[in-house]
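The next block holds one structure in the form of structure tokens; read it before the comments.
The values are calculated or read from the model by the stated rules, or taken from the named source; none is laboratory data. Source: prediction; values computed, not measured. Here Cβ is always computed from backbone atoms with ideal geometry, including for glycine, and neighbour counts include all displayed protein chains.
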Amino acid sequence: MTYSGYLYDLLLIGTLLWLAVRILAEVKLFKAVVLFIAFGLLMALAWVRLAAPDIALAEAAIGAGITGALLLDAVGHMRGRAAPYPTDEPAGDASAVTEMGDGRG
Amino acid sequence: MASAVPESPRGVRLAAGALCAGFGVLLVRAVLAIPEDHSGLAPVVAERLVDSGVKHPVTAVLLNFRSYDTLLEIAVLVLATIGVLSVAGSHPRVWAPVAEEADPVLSALARLLAPFMVLASGYLLWAGEHAPGGAFQAGAVLGAAGVLLALAGYARPAWVTKFGLRVVISVGFIVFLAIAVGVMFLGGVLLEYPRDYAKALVLIVETWLTVSIGAILVSLFIASASPIEELRARTGSGR
Amino acid sequence: MSQTDVYTLAGAALFVISLYGLITRPHLIHKILALNIMSGGVFLVFVGIARRVMTPDPDPLPHAMVLTGIVVTVSSTAYALALAKRIYSETGAAVLDAPDVFERPEAGGD
């Protein structure tokens, strides 16, 4: 194990953990899903580091690609906000994705 | 974090935090307690690799040594597809293209890329015999090609009937099950491939699995991507 | 601590983080995301254990199981998302519980 390889592993793992926290804490679902796609691609790198190229191939195509497409589609349907309840305010359009999940606005 | 986001009550969060922390400690201890001085099952697999019909250990495990897992896996996939089609797929517009007005650049790119993705899928299927690859990776690439085409506005061609699609979705499982049971008539037990035919049988199963997995992934995506306008009108929310 | 152990422990950490998220996040999309990260953690632990051997090559058995797991995860995710969208279209809400369990967004806030 070379020093730079070890550093790379720690960096990769740190990013994975940080992304996981960010995905689950993210208010905007669209952003959370984009972060999740990045997470899937970094997982594919982790599989390569662990000498599992079979899994890396499947993860890159399925984990990041198809799961990401499914999630993006679902978020688009739910208008992309983490506020899960029907509010009395007029529902947002596509721009609702860009605003913070401030239910009082 | 914005206060407007609904959160669980503080008690639930504290209890969940305590539970997760305790569980994490146990998990780390359990993982580190696994002895390192064993050799796992790798030598066993390597020793019997000649019997499997393929040269790549992971493919050998998936399609021969532990093919029971794989048989049940494709069953799960077919069941999940049936579930998605039942929950979301009854809408009359489900099989319409996802994008109403396709971006011309995207649609040209998809037209260009799709044949290469099919080619890559075929390569991965063949490479799985001796290198990383195999039915699942090949099926994933095939499915990704279909999703790309759907996103670029290409509809299901008229010659792909709904019945035909269902046949393609289930053909991998049917062929796998037929071979699994068929070898019992040659004197073996369920899924015990005769050594001389192992390679051919694994390849047949893998080929049909690839086709099925590709069709399943595309169907999961397209059936799930049903339009929302009608749903909004029904619930009265939205505009 | 070897390289492999770092990944194994990271897998355990991912599992725990997403378990917390799964419990505390009410929105169904968040729960589905948490389940996906959770499965990623399980797979990391599996592949990490697969390299906890004396032989130079990793144990192929956990690799095959993880491959199976990835494909099962995507199909269960698709089914969960279809159910979540159906719940949203039927009730207008994307949670499992009745809305009075949690504060409504406009009522909350400090």
Legend entry - Index of the failed condition, B:Ala21 passing every other in (1) in the same structural domain as B:His130 (by TED's automatic domain parsing); (2) part of a helix (DSSP H, G or I): (1)
Inset, instruction - Taking the residues in the range C:28-55 that are over 12 Å from A:Leu50 (Cα atoms) and modelled with pLDDT under 90 as candidates, determine which candidate is surrounded by the most Cβ atoms within 10 Å (Cβ to Cβ). - result: C:Val53
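Does the range B:64-72 include one or more residues that are among the aromatic types (Phe, Trp, Tyr) and touching a residue at least 24 places away in the same chain (Cβ under 8 Å)?
Yes: the range B:64-72 contains one or more residues that are among the aromatic types (Phe, Trp, Tyr) and touching a residue at least 24 places away in the same chain (Cβ under 8 Å).
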Legend entry - Test for C:Ala84: is it over 23 Å from C:Thr4 (Cα atoms), part of a helix (DSSP H, G or I), at pLDDT 95 or above and within 8 Å of chain A (Cβ to nearest Cβ): no
Inset, instruction - Please find, among B:Ala120, B:Ala127, B:Ala138, B:Ala80, the residue that is in contact with a Leu (Cβ under 6 Å, 6 or more places away or on another chain) and either at pLDDT 90 or above or not assigned by TED's automatic domain parsing to the domain that holds B:Val160 (or both). - result: B:Ala138
Legend entry - First in the range B:27-39 and farther than 8 Å from C:Arg52 by Cβ and part of a loop (DSSP other than H, G, I, E, B), second anywhere and at pLDDT below 85 and of a type outside the set (S, T, N, Q), Cβ under 6 Å, 6 or more apart: B:Ser39/C:Val53; B:Ser39/C:Met54
Inset, instruction - Among the residues of the range C:5-26, write down those that are facing chain A (nearest Cβ under 7 Å) and in contact with a helix residue (DSSP H, G or I) (Cβ under 7 Å, 6 or more places away or on another chain). - result: C:Val6, C:Tyr7, C:Ala10, C:Ala13, C:Leu14, C:Ile17, C:Ser18, C:Gly21, C:Arg25
Legend entry - Output for the range C:62-81, where each listed residue is polar (S, T, N, Q) and within 7 Å of another protein chain (Cβ to nearest Cβ): C:Thr68, C:Ser75, C:Ser76, C:Thr77
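Confirm whether B:Ala46 is in contact with a Ser or Thr (Cβ under 9 Å, 6 or more places away or on another chain) and at pLDDT below 90.
Spelling it out, B:Ala46 is indeed in contact with a Ser or Thr (Cβ under 9 Å, 6 or more places away or on another chain) and at pLDDT below 90.
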Inset, instruction - Determine whether the range B:220-228 contains at least one residue that is part of a helix (DSSP H, G or I) and at pLDDT 85 or above. - result: yes
Legend entry - Filter result for the condition that a residue is part of a helix (DSSP H, G or I), under 27 Å from A:Asp54 (Cα atoms) and under 19 Å from the mean Cα position of the chain (by Cα), over B:Leu165, B:Leu113, B:Leu125: B:Leu125
Legend entry - Cβ pairs under 6 Å, 6+ apart, first in the range C:21-43 and over 23 Å from C:Leu67 (Cα atoms) and in contact (Cβ under 8 Å) with a residue 60 or more places away in the chain, second part of a helix (DSSP H, G or I) and not basic (Lys, Arg): C:Leu28/C:Ala84; C:Ile29/A:Leu29
Inset, instruction - For B:Ala138, indicate whether it is crowded, with 21+ Cβ neighbours inside 10 Å and more than 30 Å from C:His63 (Cα to Cα). - result: no
Inset, instruction - Output the number of residues of the range A:6-45 satisfying the condition of being in contact (Cβ under 8 Å) with a residue 40 or more places away in the chain and farther than 20 Å from C:Ile29 by Cβ. - result: 2
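Take C:Gly92 and decide whether it is modelled with pLDDT under 85 and more than 30 Å from B:Leu142 (Cβ to Cβ).
Spelling it out, C:Gly92 is indeed modelled with pLDDT under 85 and more than 30 Å from B:Leu142 (Cβ to Cβ).
Of A:Gly14, A:Gly63, which residue is closer than 25 Å to C:Tyr20 by Cα, modelled with pLDDT of 90 or more, assigned to a helix (DSSP H, G or I) and not aromatic (Phe, Trp, Tyr)?
A:Gly14
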